[in-house]
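Just so you know, all these numbers are worked out from the coordinates, no wet-lab data involved. Remember, predicted model here, so these are calculated numbers, not experimental data. A quick note on method: Cβ atoms are made from the backbone with ideal geometry, for glycine too, and the neighbour counts reach across all protein chains shown.
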Amino acid sequence: MADRIVEEVAIYRKLREMDDAEQDFLRQKRAYQKREDSLSERRHVLDDLINSEYQKMSVFLKRLDLSANAASDFFNELGRLKDQSNAEFHL
């Protein structure tokens, strides 16, 4: 009878250890999931920020291209007027 009680106590302790290990595992799993969710949210925020900056840069480059084209047109017209003035001067 005493041996049976000792066996049952050992089984109970082993079950208790297994339950504690399972609870510890579940706590770690929840903590890991929270970290994963936090990282995922940060990735979304960074992606949104990168997309926003990319759009701003795209608008800037389009405006720069328009300005460069306008400057080119201006200097071409200036050159044409200079050539026209020189031609009229030599007449």
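Structural remarks
- The chain: most fluctuating residue of Y32, Y54, Y12 per GNM, C-alpha cutoff 10 Å: Y12
- Once the chain from Q28 to M57 is taken as fully extended at 0.36 nm per residue, the excess over their C-alpha distance is 6.2 nm.
- On Cα atoms only, tilt of 2-90 relative to the major axis of the chain in degrees: 0 degrees
- A helix-only calculation puts the chain at -37500 deg cm²/dmol for mean residue ellipticity at 222 nm, using -39500 (n - 2.57) for each DSSP H run of at least four residues, averaged over all residues.
- Calculated from the structure at hand, Cα Rg over 2.2 N^0.38 Å is found among (1) 3.18; (2) 1.07; (3) 1.40 as (1).
- Spacing of the modelled spin labels on V9 and L39, each 7 Å from Cα toward Cβ, amounts to 4.6 nm.
- Label-zone membership for region 4-39, site L46, 7 angstrom Cα→C-beta point, backbone N under 17 Å: 35-39
- What you get for the chain, charging only the Cβ of Lys and Arg (+1) and of Asp and Glu (-1), is a dipole of about 120 debye around the Cα centre.
- Think of each Lys and Arg Cβ as +1 and each Asp and Glu Cβ as -1; about the Cα centre, that makes the dipole of region 41-91 roughly 100 debye.
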